[in-house]
Every structure is written in structure tokens, then in C-alpha cells.
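Please read the structure below before turning to the comments.
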């Protein structure tokens, strides 16, 4: 669970009655945050570096 | 707002006959289209195999395989599962249910006519958009009608919130209504030359990324929590996965044309977008496996769970391969090799065909009111699929890298082809293994409907699904 997420909010479960599906509000794990940031930085680098041959 | 149906009334929201008809016809296409693939793979080993009859030649059968898998096997199953999932998620019956029966016949007629036309040599010449125009009108009408049914059913829903499956399904259908028209009515008749190639990259990746992917994700998001008997791990991750897919996927098409005359900067954007697809893929994978944590015993009990989880594994591998092979350095080795074929099979078959198969394991026993006909057949289906497909995927990856490296090092092209012979033979063996598994699985579905043991009430939940 990410540090800025309150446990009660992340653990809230929505119930879809007619499909009988439960869904946790959930959070974004830290390791995924790191992936998002790393890819974002790489994207900017690659676009600038390889915009032209 | 009227009351939402309780559990024992849930299946009454669905037109069972329509869903079962769609899923059983999908079962036929799930055997037919891969079988054509096996025939094609034999041609790699024996070049003269079935080569004396024009309509059984490589050029005629290859599009039958591709169109048959995408639109025959996958899409027919998606239509059936859509008619199951949408009423359940909305708490109301499908809008204009009587349309569905007409759509069933229109769709299968359109598919059959299109595939026969391909065999007879009528081909529009757009990869993954090869049915002739007169047939495309039929297919387009079907997509439009189902899209209207979905949207109006959602508008009339009793459930307050929209579950993630409905986002993906609605988006997939709306995108495809436009993309199918673009690929079949505009692209073949305009934009000559290199612009046509660039736009073809757009079309074919819209088929993969804005039809197959979101429709397949709709299926796993629906059946995963049900088969795990656990809440979906994270609504927040669903949001990130959906919007990052919608944002990045439209830009990836040009990665088929790296080092081509298409402007360099557009190739760069396609490469970046391809790599950024790691975001939605890893996000949904975290969501899927997070849902299963603490519930792994369901893999022993549910074939729906088994097919979903192994499909998610192939999804992770296939998509990472797809992202990285877009990089210029990887393209120099992998382009025009079977590495690319490994990617398309890992995603389309290994992931999405397996996910709709999982959906069929869940839905067919419930709607027919019968237990799965044979656990043993299901077990064979599972193991032959996993064994055959793992062998095929790893073989294609290895031979692709090997041939690419040989050519990179200056080997003669013919010599590189000769070196591929053992791999092509292995691929045929793997394909036959998968096909036998598919025949057993589909036979199991048919027998479930025809002579499965009635589900004992009041349990109502069929075993092994």
C-alpha cells in the first residue's frame, strides 16, 4: 500500500450485487510508482535524443 | 430505482439461448482457425504440402488463419460473453434482446462468407482487414448493433456504479465501430504509398490494442474475482490501466515500420508509446495477481481460474516482448523473423484466446444448468494447451533470435532458412498438441450442454468452474 493512502479508504469494498463481484478501492504499490516514474523519465530522454536521425 | 436481482435470479437476466449459441459457435471457430494454422505450419516443413490446389495455398490460407482467430474464435466468444456480462453488471436484461438472435446469424453468416471469399482469392489486401467490402458491411452492422445494445443497457442499468469490465467493453466496441469502418471502407481506397502503410500500422494496432486487448481485459476483470472468490485487488489500478492503455496504444502502429521511409520522429513516438505500454500491462498484472493472493487454492478447483492465470502470465511475457522489440536495436535483429510471430501468438492465443476460454468454462455450465461434462477432458485441455503453447512460444522466440543474429552477422539468407528447419518442425508438433487440446476442450463444452449432469439444487454453483 502506498504511504499516502489511508487504510480505511484503500480497504473500502464496492459490491456489485447483480454480478456478485466485490472490488477493493485499493492503492498503487510503491514498486509500480517507481516503474511509472522511471518510464516517464526514459520517455522524455528518448523523445529528445531520437526525434531526428 | 427497482431492486437489484438476488443471486438465484442472476442468471435470469441473461438470454441463455443466445449466449450458449454464441459460445458454442465460438467453440467451433476455436478449433477451426488454429487448425488452419497447423496446416500452414506443415507447409514450412513440406513446401509442396497442399500446394497444387490454389485455394489451399499459403497466400489463401494465411489470412483465413489470422481473420479466423481474430474475428471467428476471439470475437464470437467475446460477443457471447458480452451478452452474459453486460446484463449481470447492469442488473437489467440486454436492450433489444430480439436483435441478438438476428445478430448471431448475421455474424456467423458474415464470418463464413468472408472466410470462404478469402479461400477463393477475394482479399482486400489489408492485413487483419482482409474480408471483401460487401462482407464488411455485414460485419460493421453487427458491431454497430451490439454497441447500441451495450450503451442503452448501461444507460438503463440498476447498478449505481460502472464496473471496470463495462468501461473496457464500451470502449472496445465504440473504438472498433470506427476502426473497422476505417480499415475496410477508407484505407484500401485512399492514401496511396507510404502513407497507406503508416495508416495500416494504425489500423492493425487498433484491432489488437483497441479491440482484442480491451475486450479481453473486460473478460478477465469480470471472471477473475468470481473465480478467485475474492474482491478485485484495486479499483485505482483499474483506472490507471484503462486510461494509460487508451492514451498510449493509438500511437504504437508505426513500430511495424521502423527504418522505413515513414518520418523518423513518428517512428520514435511509436517506439516510446510501445515502451510506455509497460504501464498498463504491469498495472493490470499487479491487479490480477494481487486479487489471487491468499486464494491460490482456487487454481486446484477452477478451470476458469487456471486459464485466466496462465493467460495473465503469457500476457506479461508477450507484452514485454512486444514493447522491447519496438526498440531500434531489437528491430535490427528481430524484424522479418519468427520472433514477431512469437509475440503475436503469445498475445492473441496465449492471452486472449485463453481468457475467453476461461469465460466459457465459467458460463457454459451455469447457463446450461449442467455440471462440466468431464473433469478429465478439462484437465487434458489445460495441460495440452499449456505444454503445446509453451513449446511453440519458446521455439518461435529462439528461432527468431537465432535467424536475426545469423543475418546480422552476414549469413546467407538461404542458410538462415535451412537452420530454421528443426524449429519449424517443433512448432508443428506444438501446434498439433494445442489443437488436440482445443478439440477436447470444445467437445467437453458441447457435451456439457447436451448431456452434462444437472446441477444439484440448492447448491447452484457448478463444480470445477
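The values are calculated or read from the model by the stated rules, or taken from the named source; none is laboratory data. If you're wondering where the values come from, they're calculated on a predicted model, not measured in any experiment. Note: ideal-geometry Cβ built from the backbone for every residue, glycine included; neighbour counts use all protein chains shown.
Could you please find all residues in region A:6-36 being part of a helix (DSSP H, G or I) and at the interface with chain B (Cβ under 7 Å from one of its Cβ atoms)? Of everything in region A:6-36, those that are part of a helix (DSSP H, G or I) and at the interface with chain B (Cβ under 7 Å from one of its Cβ atoms) turn out to be A:32, A:35, A:36. Candidates B:159, B:130: the one that is more than 14 Å from chain A (Cβ to nearest Cβ), surrounded by 15 or more Cβ atoms within 10 Å (Cβ to Cβ) and either more than 18 Å from the chain's Cα centre (by Cα) or within 18 Å of residue B:110 (Cα to Cα) (or both) is B:130. Scanning region B:66-73 finds no residues that are crowded, with 22+ Cβ neighbours inside 10 Å and more than 30 Å from residue B:440 (Cβ to Cβ). In this structure, does residue B:410 turn out to be touching a strand residue (DSSP E or B) at 6+ places or on another chain (Cβ under 8 Å) and on the phi > 0 side of the Ramachandran plot? Taking the combined requirement at face value, the residue does not satisfy it. Of all residues in region B:87-119, those satisfying the criterion of being within 14 Å of chain A (Cβ to nearest Cβ) and on the phi < 0 side of the Ramachandran plot are B:87, B:88, B:89, B:90, B:92, B:93, B:94. Of all residues in region B:284-322, those satisfying the criterion of being within 14 Å of chain A (Cβ to nearest Cβ), more than 19 Å from residue B:235 (Cα to Cα) and surrounded by fewer than 24 Cβ atoms within 10 Å (Cβ to Cβ) are B:316, B:319, B:320. Does residue B:448 satisfy being assigned to a helix (DSSP H, G or I) and in contact with a strand residue (DSSP E or B) (Cβ under 9 Å, 6 or more places away or on another chain)? Here the answer is yes, as residue B:448 does meet what is asked.
Restricting attention to region B:294-321 and to residues that are free of Cβ contacts under 8 Å to residues at least 60 places away in the same chain and not in a helix (DSSP H, G or I), the residue that is nearest to the chain's Cα centre (by Cα) turns out to be B:296.
Condition first: facing another protein chain (nearest Cβ under 9 Å), surrounded by fewer than 23 Cβ atoms within 10 Å (Cβ to Cβ) and touching a residue at least 60 places away in the same chain (Cβ under 8 Å). Now tell me which residues in region B:216-241 satisfy that. B:226, B:230, B:231, B:235, listed by residue number. What do you reckon, is residue B:221 in a helix (DSSP H, G or I) and either touching a strand residue (DSSP E or B) at 6+ places or on another chain (Cβ under 6 Å) or modelled with pLDDT under 95 (or both)? When the stated conditions are applied, residue B:221 does not pass them. Apart from one condition, residue B:336 fits all of (1) surrounded by fewer than 24 Cβ atoms within 10 Å (Cβ to Cβ); (2) closer than 19 Å to residue B:219 by Cβ; the exception is (2). Within region B:167-179, being within 14 Å of another protein chain (Cβ to nearest Cβ) and surrounded by fewer than 23 Cβ atoms within 10 Å (Cβ to Cβ) holds for one residue alone: B:167. No other residue among B:20, B:30, B:13 is surrounded by 18 or more Cβ atoms within 10 Å (Cβ to Cβ), within 14 Å of chain A (Cβ to nearest Cβ) and at pLDDT 85 or above apart from B:13. Which of the residues spanning region B:242-283 are farther than 16 Å from residue B:327 by Cβ, assigned to a loop (DSSP other than H, G, I, E, B) and away from chain A (no Cβ under 11 Å)? Correct list: B:261, B:262. Considering only region B:33-47, state which residues are surrounded by 17 or more Cβ atoms within 10 Å (Cβ to Cβ) and without any contact (Cβ under 8 Å) to a residue 60 or more places away in the chain. Of everything in region B:33-47, those that are surrounded by 17 or more Cβ atoms within 10 Å (Cβ to Cβ) and without any contact (Cβ under 8 Å) to a residue 60 or more places away in the chain turn out to be B:33, B:36, B:39, B:40, B:43.
Any residue in region B:32-42 that is more than 19 Å from residue B:437 (Cβ to Cβ) and either in contact with a helix residue (DSSP H, G or I) (Cβ under 8 Å, 6 or more places away or on another chain) or assigned to a loop (DSSP other than H, G, I, E, B) (or both)? No, region B:32-42 contains no residue that is more than 19 Å from residue B:437 (Cβ to Cβ) and either in contact with a helix residue (DSSP H, G or I) (Cβ under 8 Å, 6 or more places away or on another chain) or assigned to a loop (DSSP other than H, G, I, E, B) (or both). Across region B:411-445, the number of residues qualifying as in a loop (DSSP other than H, G, I, E, B) and either in contact with a helix residue (DSSP H, G or I) (Cβ under 8 Å, 6 or more places away or on another chain) or within 24 Å of residue B:224 (Cα to Cα) (or both) comes to 2.
Here's the yes/no breakdown for (1) buried (at least 17 other Cβ atoms within 10 Å of the Cβ); (2) modelled with pLDDT under 95; (3) over 22 Å from residue B:464 (Cα atoms); (4) within 25 Å of the chain's Cα centre (by Cα):
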{"residue": "B:384", "(1), (2), (3), (4)": "yes, no, no, yes"}
{"residue": "B:408", "(1), (2), (3), (4)": "no, yes, yes, no"}
{"residue": "B:413", "(1), (2), (3), (4)": "no, yes, yes, no"}
{"residue": "B:422", "(1), (2), (3), (4)": "no, no, yes, no"}
{"residue": "B:426", "(1), (2), (3), (4)": "yes, no, yes, yes"}
{"residue": "B:434", "(1), (2), (3), (4)": "yes, no, no, yes"}
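Residues B:61, B:111, B:50, B:89: which one is surrounded by fewer than 22 Cβ atoms within 10 Å (Cβ to Cβ), touching a helix residue (DSSP H, G or I) at 6+ places or on another chain (Cβ under 8 Å) and at pLDDT 95 or above? Sole residue among the options that is surrounded by fewer than 22 Cβ atoms within 10 Å (Cβ to Cβ), touching a helix residue (DSSP H, G or I) at 6+ places or on another chain (Cβ under 8 Å) and at pLDDT 95 or above: B:61.
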